[in-house]
Amino acid sequence: MSDPRLPESMRAAVYEAPGRIRIEDRPLPLPRGDEVLIEVEHCGICGTDLHLFLDGLGRPGTIGGHEYAGTIAAIGGGILGWTPGDRVVAGPRASCGACASCRDGRPVLCDTRPDVTGEGFQGGFAEYVRVHDSQLRRVPDGLDLRTAALAEPLAVALHAVTRSRARPGQRALVCGAGPLGLLVVAALRDAGVAEVVVSEPRETRRRRALDVGATRGCEPGALASPPMPFDIVPEPFHVAIECSGHKSAMETALGQLARGGTLVLVGTGGEPPRFDHYRILLNELVVTGAFNYDADGFERALELLASGRLPTASLIEPGHAGLTDLLPSMYRLAAGELTAKVMIDPREPHR
Ligand SMILES: [Zn+2]
Ligand SMILES: [Zn+2]
């Protein structure tokens, strides 16, 4: 495959060391066999990217970014159903379909899932990215690619809501109103959850949470702490979804649950929480994780984004950012100065 319309190299933001990213020219990753080359138009910055790039969990030499949308630039031989120019986002590779988890409809727990550390991953903070064709999801007509790049984090939010088993009319607590927390708020409200309270220390983030559908915002310290393990707070929640990754938020969230309530851990952080096992035991609480997506997560996310039911303008930071803005944006996200999803356009400013 050598297409004269394609460049030989591409610009990419390459991780070097904690807080160090170099903009490099890399050879174009040409698609082979069942692979496709995508020209990236927008790639969102994920909390995971902050852990990789700022906290140093990344592997030097890698390109981050897994929340991207773009157009197909080239396809390997033997691929049917796709043509250059098609608008796509990339999801996970098809799982084995045969193991117990896959048969149970939970492909994210597949025995053959790739290493969760993302060994060998090359992402969308580059002008082009190469993916396996089983990862491709078509962007619905009428949905712009900047909004479509929310599909991956929205699929994460939808999975958290699935794991919470929240039902219409219930009360939910969301801890942390960063980009993921905001998407969880919007997804809960779209699912008919009557009351969504957001616990978040920063005022700007609490206000943004109200914009995307939260019914109330509060400071984490304002949440009552029940004195004894069998005590329930005066206004308990059926469901709490922890998006901040902070130990104290995880611990506080558990104390806010009604009897039989569910705490879902989605935010990642370094310090492990300490949970009162008597509280879990006496009130039959469920503490669970949400990792990645439902089996149909990307399809549902794209459909929801295309439906116009979500307040997408408030879920994405305004303005254009290129690869050189990546690191400053990460610092501003980590400091809580930016609230919603930051979209990087790797082609800026070299259009
Ligand atoms: Zn993500
Ligand atoms: Zn499997």
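Classify region 1-126: rounded, prolate or oblate, from the alpha-carbon gyration tensor (a ≥ b ≥ c, eigenvalue square roots; a/c under 1.5 rounded; otherwise prolate if a/b is larger than b/c)? Walk me through the intermediate numbers first.
On the way: a/c = 2.06, a/b = 1.04, b/c = 1.99.
Here region 1-126 falls in the oblate category.
For every other residue with a beta carbon closer than 13 angstrom to the beta carbon of Arg274, add +1 if it is Lys or Arg and -1 if Asp or Glu, then tell me the sum. Before the final figure, lay out the partial values.
Values: positive: Lys247, Arg279; negative: Glu251, Glu271, Asp276.
Summing Lys and Arg as +1 and Asp and Glu as -1 gives -1.
For region 46-88, list residues with backbone N below 17 Å from a point placed 7 Å from the Cα of Arg20 toward its Cβ?
So the set is 52-64.
Rounded to a whole number, what % of the accessible area of region 1-107 do carbon and sulfur atoms account for, probe 1.4 Å?
Numbers: 2600 of 5110 Å².
Ligands and nucleic acids excluded, carbon and sulfur reach 51 percent.
Relative to the Cα centre, what is the charge dipole magnitude of region 233-338, using +1 at the beta carbon of each Lys and Arg, -1 at the beta carbon of each Asp and Glu, and rounding to the nearest 20 debye?
Numbers: 7 positive and 13 negative charges, 43 e Å.
The calculation lands at about 200 debye.
By per-residue mean of other Cβ atoms within 10 Å, what is the highest-first order of 172-183, 245-256? Mind dumping the intermediate values first?
Values: 172-183: 28.6, 245-256: 20.5.
Final packing ranking: 172-183, 245-256.
Under the rule of at least 5 residues apart or a separate chain, name every residue whose amide H is placed under 5 Å from the amide H of Thr262.
It is Val239, Ala240, Val286, by chain and number.
Rounded, prolate or oblate: which fits region 42-106, taking a ≥ b ≥ c as square roots of the Cα gyration tensor eigenvalues, rounded meaning a/c under 1.5, else prolate when a/b beats b/c? Display every interim value, and only then the final one.
Working: a/c = 2.30, a/b = 1.18, b/c = 1.95.
Oblate, since a/c reaches 1.5 and b/c is not below a/b.
Under the rule of at least 5 residues apart or a separate chain, name every residue whose amide H is placed under 5 Å from the amide H of Leu28.
Excluding prolines and chain starts, which carry no amide H, the hits are Ser9, Met10.
Specify the inter-centroid distance of region 20-73 and region 308-348, based on alpha-carbon positions, in whole Å.
What the calculation gives is 16 Å, centre to centre.
Roughly how many whole Å is it from the C-alpha centroid of region 240-259 to that of region 81-160?
29 Å
For the ranges 151-164, 283-296, what's the packing order if you count other beta-carbon atoms within 10 Å of each residue, average per peptide, and put the highest first?
Values: 151-164: 25.8, 283-296: 16.7.
Descending packing order for the listed peptides: 151-164, 283-296.
Treating only the Cβ atoms of Lys and Arg (+1) and Asp and Glu (-1) as charged, compute the dipole magnitude of the chain about its Cα centre; round to the nearest 20 debye.
On the way: 37 positive and 44 negative charges, 106 e Å.
Rounded to the nearest 20 debye, it is 500 debye.
What percentage of the solvent-accessible surface of region 148-193, computed with a 1.4 Å probe over protein heavy atoms, is contributed by carbon and sulfur atoms?
Working: 560 of 1090 Å².
Carbon and sulfur together cover 51 percent of it.
Could you give the nm distance between label points at Ala191 and Thr215, where each point is 7 Å from its Cα heading toward the beta carbon?
1.6 nm
Suppose all protein chains stay in the model; what accessible area per residue would a 1.4 Å probe give for the chain, in Å²?
Numbers: 15940 Å² over 351 residues.
Averaged over the residues of the chain, the accessible area is 45 Å².
So, R0 is 41 Å and r is the distance between the beta-carbons of Thr324 and Ala224; what FRET efficiency does that work out to, to 0.05? Mind showing how you got there, number by number?
Working: r = 46 Å, r/R0 = 1.12.
Plugging the Cβ-Cβ distance into 1/(1 + (r/R0)^6) gives 0.35.
Quick check: residue separation of Arg259 and Asp276 times 0.36 nm, minus the Cα distance between them. What number comes out in nm?
Value of the extension gain: 4.7 nm.
If you take every residue apart from Gly213 with its C-beta less than 10 Å away from the C-beta of Gly213, what net charge results, scoring Lys and Arg +1 and Asp and Glu -1? Intermediate results must be reported in sequence, preceding the final value.
Numbers: positive: Arg189; negative: Asp190, Asp211.
Result for the local shell: -1.
Collect residues whose amide H, placed 1.01 Å from N in the peptide plane, falls under 5 Å from the amide H of Ile344; neighbours closer than 5 in sequence don't count.
Correct list: Cys43, Gly44, Ile45.
Using θ = phi - 60° and the Karplus relation 6.51 cos²θ - 1.76 cosθ + 1.60, list the HN-Hα couplings for region 63-76 in order, rounded to whole Hz, with x at every Gly or Pro.
After applying 6.51 cos²θ - 1.76 cosθ + 1.60, I find 10, x, x, 10, 10, 10, 9, x, 10, 5, 9, 7, 10, x Hz.
Over the chain, what is the relative contact order in whole percent, taking alpha-carbon pairs under 8 Å and six or more residues apart?
Working: 801 pairs, mean separation 63.5, N = 351.
Contact order relative to length: 18 percent.
Could you compute the FRET efficiency for Asp34 and Val286, with r as their C-beta to C-beta distance and R0 at 41 Å, rounded to 0.05? Display every interim value, and only then the final one.
Working: r = 40 Å, r/R0 = 0.97.
The pair Asp34/Val286 has a calculated efficiency of 0.55.
With a 10 Å radius around each residue's Cβ, average the other Cβ atoms per peptide and rank 191-199, 41-49, highest first. Working shown, then result.
Values: 191-199: 20.6, 41-49: 24.2.
Those peptides, ordered most packed to least, come out 41-49, 191-199.
Restricting to bridges with both residues inside the chain, how much of the DSSP beta-bridge set is antiparallel, in percent to the nearest 5?
On the way: 31 of 55 bridges.
Counting DSSP beta bridges with both partners in the chain, the antiparallel share is about 55 percent.
Hey, if you put +1 on the Cβ of every Lys and Arg and -1 on every Asp and Glu Cβ in the chain, which of Thr83, Ile21, Phe291 ends up farthest toward the positive end of that dipole?
Phe291
The values are calculated or read from the model by the stated rules, or taken from the named source; none is laboratory data. Bear in mind that the values here come from a model prediction, so they are computed numbers and not experimental data. Please note: Cβ atoms are built from the backbone with ideal geometry, for glycine as well, and neighbour counts cover all protein chains shown. These area figures cover heavy atoms from the full protein model, side chains too; ligands, DNA and RNA do not enter into them. Shrake-Rupley method; radii C 1.70, N 1.55, O 1.52, S 1.80 Å.
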